[in-house]
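Asks: First the structure, then my questions, so here it is.
The values are calculated or read from the model by the stated rules, or taken from the named source; none is laboratory data. Fair warning: this is a prediction, and the values are worked out from it, not measured in the lab. Glycine also receives a Cβ, built like all others from the backbone with ideal geometry; neighbour counts cover every protein chain displayed.
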């Protein structure tokens, strides 16, 4: 058979031939490169001539009282008949691909050496294509990694800058409060109104200013704590 002869010719050139049953295809390969291979037969088509048996089946259907009932189907003959021609075509590869068949002067069986040579060429083309795709993939991955790294650095820089601006704003606000508290205290002293109530307020206010200052590691037990939850409605 032409298939066996072709397999032996391919194997003599160092290629392997195997069947991928999961994907229902045959492959040839050399080293790490593989391609699909298929042998197909050209089928001729002719207009179908209705046979005597088909005519009788149609007549029986026409006479049947239940021809329009459930389960009854019109015995429609096929439009075309298909006939094997014995003309084979060998196809290798997907993209790129090549095919070989009979020529006016040469049968396919006599062109198997061309098929083998073409298979070697296609495998080399595929190997080069695969290497180029891998080279481009690696270059893309390298560029992506660099982009991701720079994007992460930029994100961190922006976050740190925002934190810096926030801390500076909080520090200025804390200093502004301290200046105000100092002014309140001096005014109370000058006016002879530095009562215990004002002293308590000054102590409280200075603690709040310190809590706002990012340079002082203190926290406000009330404002920094969780917001109290409402008990809801009583039923």
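Asks: Return yes when residue 118 is surrounded by 10 or more Cβ atoms within 10 Å (Cβ to Cβ), in contact with a strand residue (DSSP E or B) (Cβ under 8 Å, 6 or more places away or on another chain) and on the phi < 0 side of the Ramachandran plot and no when it is not.
Replies: So residue 118 fits the description; yes.
Asks: For residue 60, indicate whether it is at negative phi, in contact with a helix residue (DSSP H, G or I) (Cβ under 6 Å, 6 or more places away or on another chain) and at pLDDT below 90.
Replies: Here the answer is no, as residue 60 does not meet what is asked.
Asks: Somewhere in segment 87-94, is a residue assigned by TED's automatic domain parsing to the domain that holds residue 30, farther than 30 Å from residue 210 by Cβ, modelled with pLDDT under 95 and exposed (fewer than 11 other Cβ atoms within 10 Å of the Cβ)?
Replies: Looking through segment 87-94, at least one residue is assigned by TED's automatic domain parsing to the domain that holds residue 30, farther than 30 Å from residue 210 by Cβ, modelled with pLDDT under 95 and exposed (fewer than 11 other Cβ atoms within 10 Å of the Cβ).
Asks: Next question. Being surrounded by 12 or more Cβ atoms within 10 Å (Cβ to Cβ), in a helix (DSSP H, G or I) and not assigned by TED's automatic domain parsing to the domain that holds residue 32 narrows it down to one residue among 168, 174; which is it?
Replies: Going through 168, 174 in turn, just one is surrounded by 12 or more Cβ atoms within 10 Å (Cβ to Cβ), in a helix (DSSP H, G or I) and not assigned by TED's automatic domain parsing to the domain that holds residue 32: 174.
Asks: Taking the residues in segment 98-110 that are exposed (fewer than 13 other Cβ atoms within 10 Å of the Cβ) and either at pLDDT 90 or above or part of a helix (DSSP H, G or I) (or both) as candidates, determine which candidate is nearest to the chain's Cα centre (by Cα).
Replies: So the residue we want is 109.
Asks: Here's something else I'd like to know. Is it the case that segment 26-35 has a residue that's touching a strand residue (DSSP E or B) at 6+ places or on another chain (Cβ under 8 Å), assigned to a strand (DSSP E or B) and exposed (fewer than 14 other Cβ atoms within 10 Å of the Cβ)?
Replies: Taking every residue of segment 26-35 in turn, none turns out to be touching a strand residue (DSSP E or B) at 6+ places or on another chain (Cβ under 8 Å), assigned to a strand (DSSP E or B) and exposed (fewer than 14 other Cβ atoms within 10 Å of the Cβ).
Asks: For segment 197-218, give me each residue that is surrounded by 10 or more Cβ atoms within 10 Å (Cβ to Cβ) and part of a loop (DSSP other than H, G, I, E, B).
Replies: Matches in segment 197-218: 213, 214, 216, 218.
Asks: Can you tell me which of (1) surrounded by 12 or more Cβ atoms within 10 Å (Cβ to Cβ); (2) in contact (Cβ under 8 Å) with a residue 12 or more places away in the chain; (3) more than 30 Å from residue 28 (Cα to Cα) is the one residue 125 doesn't meet?
Replies: Result: residue 125 passes all but (3).
Asks: I've got another one for you. For segment 1-14, which residues satisfy the criterion of being in a loop (DSSP other than H, G, I, E, B) and within 20 Å of residue 89 (Cα to Cα)?
Replies: 1
Asks: Of everything in segment 15-25 that's outside any loop (DSSP other than H, G, I, E, B) and in contact with a helix residue (DSSP H, G or I) (Cβ under 9 Å, 6 or more places away or on another chain), which residue is surrounded by the fewest Cβ atoms within 10 Å (Cβ to Cβ)?
Replies: Among those residues, the one meeting the criterion is 16.
Asks: Can you find a residue in segment 73-93 that is part of a loop (DSSP other than H, G, I, E, B), within 19 Å of residue 121 (Cα to Cα) and touching a strand residue (DSSP E or B) at 6+ places or on another chain (Cβ under 8 Å)?
Replies: Scanning segment 73-93, I find at least one residue that is part of a loop (DSSP other than H, G, I, E, B), within 19 Å of residue 121 (Cα to Cα) and touching a strand residue (DSSP E or B) at 6+ places or on another chain (Cβ under 8 Å), so the answer is yes.
Asks: Something else: All but one of (1) exposed (fewer than 13 other Cβ atoms within 10 Å of the Cβ); (2) closer than 23 Å to residue 96 by Cβ; (3) touching a strand residue (DSSP E or B) at 6+ places or on another chain (Cβ under 7 Å) hold for residue 47, so report the exception by its number.
Replies: (2)
Asks: Could I ask something else about it? Can you tell me which residues in segment 53-83 are within 30 Å of residue 41 (Cβ to Cβ) and within 55 Å of the chain's Cα centre (by Cα)?
Replies: Within segment 53-83, 54, 75, 76, 77, 78, 79, 80, 81, 82, 83 qualify.
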